[in-house]
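Remarks on the structure that follows.
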Amino acid sequence: MGYVISFFWIWGILFLAINHNLGQLTNIITTATANCASFVLKLLFLTAFFSGMIKIAEEIGLTRLLSKLLSPILAKIFKTKNQKTLQKISVNISANMLGIGNAATPSGLAAMEELDKEVKSDGYPTPDMCRFILFNTCSVQLIPTTVIGLRAMAGSRSPSAVVIPVLITGFLGLLCALSLCKLVLSYQKRRTSL
Amino acid sequence: MISALSNGMLPLFFLSLFVISFLKKRDSLSAFTKGAKEGFSAIVKITPNILAIMVSIAVFRESGALTFFLKLISPLFQFLKIPEGIGELILVRPISGSGAMVLLTDILEKFGADSYEGLLASVICASTETTIYTITVYFAVTRVKKTKLPLLLGLCADMIVIFLAMLTVNLFLCSA
């Protein structure tokens with residue numbers, strides 16, 4: 001992201017200079033910081049509220065239930081036979097589905113470490129790692145709380161109208177990603193065995 | 001039908017939370033405050049990032065640089081039938097979650113939260129992740145050095161999701 005910020009500033013100031021508008025820079029900055037103040041304040045309380053609700057879900061065992069439901073499916077998708085790894089994978093994925101970012105990352109990193117331990121590394125990612133990464137870069141969210149909140153803040157008539165489309169899009173996206181992964185991996189295998 | 005189902009999910013979720021915690025005799029208030037505390041600190045932690053992103057985007061946009069660059073890539077977007085208004089969001093989404101949040105809010109305010117652009121941006125934001133960031137962080141704990149394949153797969157998947165989002169938004173949200 002550092003590169004992107006530099007890119008924005010360099011081209012921004014260059015264009016201000018071209019348009020003889022360099023005097024505007026301070027105005028732009030003060031308007032932006034004021035906008036930031038109100039945005040962060042709203043976001044702060046919104047996120048805190050939803051994190052609170054999600055925490056209730058966690059404490060009554062919803063994450064555990066979800067990961068129990070998911071583990072038979074995941075055992076078919078991932079080739080690893082290590083139960084500990086599979087368990088971490090399913091905890092990570094169910095936390096992601098419920099939108100608990102701070103619970104998902106630790107279990108995700110732990111699962112990656114386990115997957116890394118299982119093979120003699122040659123510097124290339126294993127098929128299981130690729131699949132697991134796709135589970136984490138495609139997002140299947142049961143209730144996308146942040147987006148719903150941002151929509152409500154922007155004055156939507158029905159902020160949660162996107163819930164089902166998001167679910168369908170995320171699920172189909174993940175299916176496509178996993179099939180693409182399978183296709184690419186089998187192509188690679190065939191090429192190396194020739 | 002779909003929108004009724006969509007709108008019912010959140011209330012139903014909240015209702016079941018409180019019914020179950022009541023039946024299980026759990027203290028829902030202490031759970032809530034614990035989670036809210038985590039939520040506060042999570043946002044406070046990324047506030048510097050949000051500030052940096054919001055100011056730099058403002059400079060980039062107000063200077064006229066954004067219009068210039070969007071004009072450069074607009075033929076590609078037109079060819080792919082992606083509305084130009086969400087171009088910036090698509091480019092930033094894989095790199096930065098807070099950046100995407102800022103841009104989504106901009107789109108929702110500019111086009112309206114219930115416009116085609118607003119709905120599409122919402123669906124895309126919710127069904128993708130910070131792909132490049134995630135891959136960097138996750139592979140950092142392993143011995144894997146060659147991350148080109150997962151990176152390509154992840155970004156391809158993001159592209160697929162954008163088209164799927166256009167499909168679902170057209171089908172479920174904009175047809176009525």
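The values are calculated or read from the model by the stated rules, or taken from the named source; none is laboratory data. All values reported here derive from a predicted model rather than from experimental measurement. Cβ placement follows ideal geometry from the backbone for every residue including glycine, while neighbour counts extend to all protein chains displayed. Just so you know, the surface numbers come from the protein's heavy atoms only, side chains and all, with ligands and any DNA or RNA stripped out. Shrake-Rupley method; radii C 1.70, N 1.55, O 1.52, S 1.80 Å.
A:M153 passes every criterion in (1) under 20 Å from B:L164 (Cα atoms); (2) open to solvent by 30 Å² or more (accessible area, probe 1.4 Å); (3) at pLDDT below 95 apart from (1). Considering the stretch B:50-83, the residues that are in contact (Cβ under 8 Å) with a residue 24 or more places away in the chain and facing chain A (nearest Cβ under 8 Å) include one that is nearest to A:H20 (Cα to Cα), namely B:I57. Would you call A:G173 facing chain B (nearest Cβ under 7 Å), in a helix (DSSP H, G or I) and out of contact with any Pro (no Cβ under 9 Å at 6 or more places or on another chain)? Spelling it out, A:G173 is indeed facing chain B (nearest Cβ under 7 Å), in a helix (DSSP H, G or I) and out of contact with any Pro (no Cβ under 9 Å at 6 or more places or on another chain). Scan the stretch B:47-68 for residues that are farther than 12 Å from A:C36 by Cα and of a type outside the set (S, T, Y) and the total you get is 8.
Hey, does the stretch A:94-110 have a residue that's open to solvent by 40 Å² or more (accessible area, probe 1.4 Å), under 30 Å from B:A36 (Cα atoms), more than 9 Å from chain B (Cβ to nearest Cβ) and not in a loop (DSSP other than H, G, I, E, B)? Yes: one or more hits.
List the helices (runs of 4 or more DSSP H) inside the stretch B:1-94, counting only whole elements, that have at least 3 residues being over 25 Å from B:A126 (Cβ atoms). So that I can check it myself, show each step before the final result.
On the way: elements: B:2-23, B:28-62, B:65-80, B:87-92.
Output list reads B:2-23, B:28-62, B:65-80.
The residue of the stretch A:111-123 that is nearest to A:M53 (Cα to Cα), among those that are part of a helix (DSSP H, G or I) and open to solvent by less than 40 Å² (accessible area, probe 1.4 Å), is A:A111.
Residues that are open to solvent by 60 Å² or more (accessible area, probe 1.4 Å) and more than 7 Å from chain A (Cβ to nearest Cβ) were ranked within the stretch B:109-131; the one that is nearest to A:V162 (Cα to Cα) is B:Y116.
Restricting the search to the stretch B:8-27, which residues are out of contact with any Asp or Glu (no Cβ under 8 Å at 6 or more places or on another chain) and of a type in the set (S, T, N, Q)? Give the derivation first.
Of the stretch B:8-27, the ones out of contact with any Asp or Glu (no Cβ under 8 Å at 6 or more places or on another chain) are B:8-20, B:22-25, B:27.
Once the filter is applied, which keeps residues that are out of contact with any Asp or Glu (no Cβ under 8 Å at 6 or more places or on another chain) and of a type in the set (S, T, N, Q), the stretch B:8-27 yields only B:S16.
So that you can scan it fast, the table gives a plain yes or no per residue for (1) modelled with pLDDT of 90 or more; (2) in contact with a helix residue (DSSP H, G or I) (Cβ under 8 Å, 6 or more places away or on another chain); (3) open to solvent by 70 Å² or more (accessible area, probe 1.4 Å); (4) within 28 Å of A:S158 (Cβ to Cβ):
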| position | (1), (2), (3), (4) |
| --- | --- |
| B:P11 | yes, no, yes, yes |
| B:F18 | yes, yes, yes, yes |
| B:S21 | yes, yes, no, yes |
| B:K25 | yes, no, yes, no |
| B:L29 | yes, no, yes, no |
| B:F32 | yes, yes, no, yes |
| B:G35 | yes, yes, no, yes |
| B:I43 | no, yes, no, yes |
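Being among the β-branched types (V, I, T), over 30 Å from B:L17 (Cα atoms) and not assigned by TED's automatic domain parsing to the domain that holds A:F171 is the requirement here; does A:I28 meet it? When the stated conditions are applied, A:I28 passes them. Checked against the criterion of being out of contact with any helix residue (DSSP H, G or I) (no Cβ under 7 Å at 6 or more places or on another chain), within 8 Å of chain B (Cβ to nearest Cβ) and either of a type in the set (F, W, Y) or farther than 26 Å from A:R64 by Cα (or both), the stretch A:124-147 has at least one qualifying residue.
Taking (1) open to solvent by less than 40 Å² (accessible area, probe 1.4 Å); (2) touching a residue at least 12 places away in the same chain (Cβ under 8 Å); (3) more than 24 Å from A:F7 (Cβ to Cβ) in turn, B:S3 satisfies each apart from (1).
Of all the residues that make up the stretch A:124-151, how many are assigned to a helix (DSSP H, G or I) and over 18 Å from A:E58 (Cβ atoms)? Explain how you work it out, then say what you get.
Looking only at the stretch A:124-151, we keep the residues that are assigned to a helix (DSSP H, G or I), and these are A:127-137, A:145-151.
From what's left, over 18 Å from A:E58 (Cβ atoms): A:127-137, A:147-151.
Residues flagged as assigned to a helix (DSSP H, G or I) and over 18 Å from A:E58 (Cβ atoms) within the stretch A:124-151 amount to 16.
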